[in-house]
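See below for the structure under consideration.
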Amino acid sequence: MKDNTSLMAAPSAAGMPLDGWDDSRRWTSKRRDFLRILGYGAGAAALGPLAACGSSGAATASEALREQLMKDEAFWTGVQNMFTLKPEKTYMNIGTAGSMPKLVLDVFDTENRKKAADSGNGYSNLLDLRKQVAPGFGVDPDELALSANTSSGMCHAILGIDWKAGDVVVTTNHEHGGGDTPLKIAQDRYGIEVSRIALPVGNKQTAATYVNLFDERIRALKTAGKRVRAMMWSSPTYKTGTMLPIADLMEVVKTHGLISIVDGAHLPGMMAYNYGELGMDFMSGAGHKWQCGPGSTGILIVRNKIRASNPLPLPKWYPVHTSAYPALERTTTSKETYDVAASVTSCGSVHTPMFQALVQACAQWDSIGRKKIETYDLTLASYLKEKITERWGVDALYSPKDDPKLLSALTSFNPFQNKDDVMNAQKSSTFVARMLSDYPQGFVIRNANFSVIGAAADHYGVRVSTHLWHDARDVDLLVDAMWDLSRKM
Ligand SMILES: Cc1ncc(COP(=O)(O)O)c(C=O)c1O
């Protein structure tokens, strides 16, 4: 199984420290402990799929995905060893918090000490850092701002727009407070109106489902004489992990001449998107989740020139939290008038070591390959979804699995044997707590509540994040434990 080429390529390509990077003992003992505690003896049952992975005759979708995941096992073991995560837990809630790799911690520490030793300040728009990061996201440095986090970026985006009373923003009923809070402020302060689409959940949806819902709602509002001004949505939603399809939704945006605001909290570090090609006006992402930078870091993409991907004029927008205000009308051409990202990034003295550490994390992702990480994360998620489908049935999934446009690395499902138990908040929280306390891997997952069309009450789905420090075995053990717990509860 071991591929020596990728084994050798892993640490240098990713800028990983050489010492201990191939230390797979930690993973081996984790497996061994679990098998012992479950009483599997030699572990034949749990290792069944492993034995099949060398052969080409995968009988099921999950086996085929497992084979794919195991192909580059040595490489990903090297990647796993970039982190300082406690081996006694299995961290599967990256959607809430990532973890800084060792090199990122080193940069954070070294730069903090350098700054202290030299009484340094943070009066900067961090252009040098933005130049290093921007190419990995497919934009120019004037289009990539370093922000405090997703919520901060959403405030910059939404509260900077020149709203007029009666402007309508079309959004969904599965948004996060990070975007909903500035929307509410804009409602109260500027008199905008918010029209929410009820999102269908599960595997029956396709990208066209969501595109049609937005398009139909906008047409209906226009027919009713409303002035629809913007679309705001999460890709993916934090509640069900549904990747609302950005490229397709941008077609709706362009058809109706709207401002486009994407809550992309989970996108940096998970998806290898090219934002210049997607062409949204704003995408606010976290630096501290899947990108594994320090807390209080985020990436805000702001469209600042006319590209083929979005020929609409730039929306009028004012910086709301800044020390840099050039007071210029922005361009109508492919050349920026000014560095709009500087006016988001620069506000008094900023924490330069924190952003230097984020840039180090981005450099590691660029060097591993953002597409490679995306493929791995999504394959792990697809593997998990197939295994959930095999045990619980496809209807247990809140996350779609079959339309590739709707995939993210967040998987949400109903783990309960009695399906209605998912509406019991207490029971769902107990499930999450017991996945940590009752199993030797100490699974860290979460739940989130959301409305389901036609349901009597909110569903409290269980959500699992799969990222670059996991492997197929983590998913196997997780599913076995969740199945075991679901039968006990
Ligand atoms: C969709 C979404 N938006 C915004 C946020 C808030 O993120 P941050 O802490 O980066 O502001 C989250 C956090 O989980 C989220 O899932």
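The values are calculated or read from the model by the stated rules, or taken from the named source; none is laboratory data. In this text, all values refer to a predicted model and were calculated from it rather than measured experimentally. Every residue, glycine among them, receives a Cβ derived from its backbone with ideal geometry; neighbour counts consider all protein chains shown. Calculation scope for accessible area: heavy atoms of the full protein, side chains included, ligands and nucleic acids excluded. Shrake-Rupley method; radii C 1.70, N 1.55, O 1.52, S 1.80 Å.
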Could you give the length gained by full extension between Glu88 and Asp484, i.e. 0.36 nm per residue of separation minus their alpha carbon distance, to one decimal place? 140.6 nm
Pop out the ³J(HN,Hα) list for the stretch 132-137 in order, Karplus 6.51 cos²θ - 1.76 cosθ + 1.60 with θ = phi - 60°, rounded to Hz; leave Gly and Pro as x. 6, 8, 3, x, x, 10
Can you give me the Cα centroid spacing of the stretch 95-110 and the stretch 254-297 in angstrom? 20 Å
If each part is reduced to its alpha-carbon centroid, the stretch 192-231 and the stretch 369-424 end up apart, in Å, by 25 Å
Sequence-distant residues sharing a close amide H with Gln441 (under 5 Å, placed H): none
Which residue, Leu199, Val252, Tyr338, has the largest displacement toward the positive end of the dipole of the chain when charges sit on each Cβ (Lys, Arg +1; Asp, Glu -1)? Leu199
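Accessible area, 1.4 Å probe, largest first: how do Arg227, Arg487 sort?
Numbers: Arg227 115, Arg487 155 Å².
Largest accessible area first, the residues go Arg487, Arg227.
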Counting only protein heavy atoms and leaving out ligands, DNA and RNA, the solvent-accessible surface of Cys292 at a 1.4 Å probe, in Å² to the nearest 10, equals 0 Å²
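Over the stretch 118-367, what is the mean sequence separation of C-alpha contacts under 8 Å (at least six apart), divided by residue count, expressed as relative contact order in percent?
Working: 509 pairs, mean separation 68.2, N = 250.
About 27 percent, as a whole number.
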Quick calc: nm separation of the 7 Å Cα→Cβ label points for Glu390 and Ala457 -> 3.4 nm
Which whole-number percentage describes the relative contact order of the chain, with Cα contacts under 8 Å and a sequence gap of 6 or more? 21 percent
Of Glu386, Glu277, Glu251, which has the most accessible area with a 1.4 Å probe, and how do the rest follow in descending order? Glu277, Glu251, Glu386
Which one of Gly461, Gln360, Ala286 is farthest out on the positive end of the charge dipole of the chain, using unit charges on Cβ (Lys, Arg +1; Asp, Glu -1) and the Cα centre as origin? Gly461
What FRET efficiency comes out for Leu436 versus Glu329 if R0 is 56 angstrom and r is the Cβ-Cβ distance? Round to the nearest 0.05. 0.55
Note, ³J(HN,Hα) from phi for the stretch 452-464, Karplus 6.51, -1.76, 1.60, rounded to Hz, x at Gly and Pro: 10, 4, x, 7, 6, 8, 4, 8, 10, x, 8, 10, 10
Solvent-accessible area of Lys164, probe 1.4 Å, all protein chains present, reported in Å² to the nearest ten, please. 100 Å²
Just to check I understand the Karplus step: with θ = phi - 60° and J = 6.51 cos²θ - 1.76 cosθ + 1.60, what whole-Hz values come out for the stretch 411-427, glycine and proline as x? 10, 10, 7, 9, x, 8, 5, 8, 4, 6, 4, 5, 8, 9, 4, 4, 5
Solvent-accessible surface (1.4 angstrom probe) belonging to Ile161, in square angstrom, nearest 10: 10 Å²
Compute, for the stretch 117-166, the length of the dipole vector about the Cα centre, with Cβ point charges of +1 (Lys, Arg) and -1 (Asp, Glu) only. Units Debye, rounded to 20. 160 debye
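Let me check something: with ligands and nucleic acids excluded, how do Phe416, Phe108 order by accessible area (1.4 Å probe), largest to smallest?
Numbers: Phe416 0, Phe108 45 Å².
From most exposed to least exposed: Phe108, Phe416.
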Amide H partners (placed H, <5 Å) of Ser147, local residues excluded: Gly298, Ile299, Leu300
Place a +1 charge on the Cβ of each Lys and Arg in the chain and a -1 charge on the Cβ of each Asp and Glu, then give the dipole magnitude about the Cα centre in debye, rounded to the nearest 20. 580 debye
Under 5 Å between amide H atoms, partner at least 5 residues away or on a different chain: which partners does Ile161 have, H built in plane at 1.01 Å? Tyr318
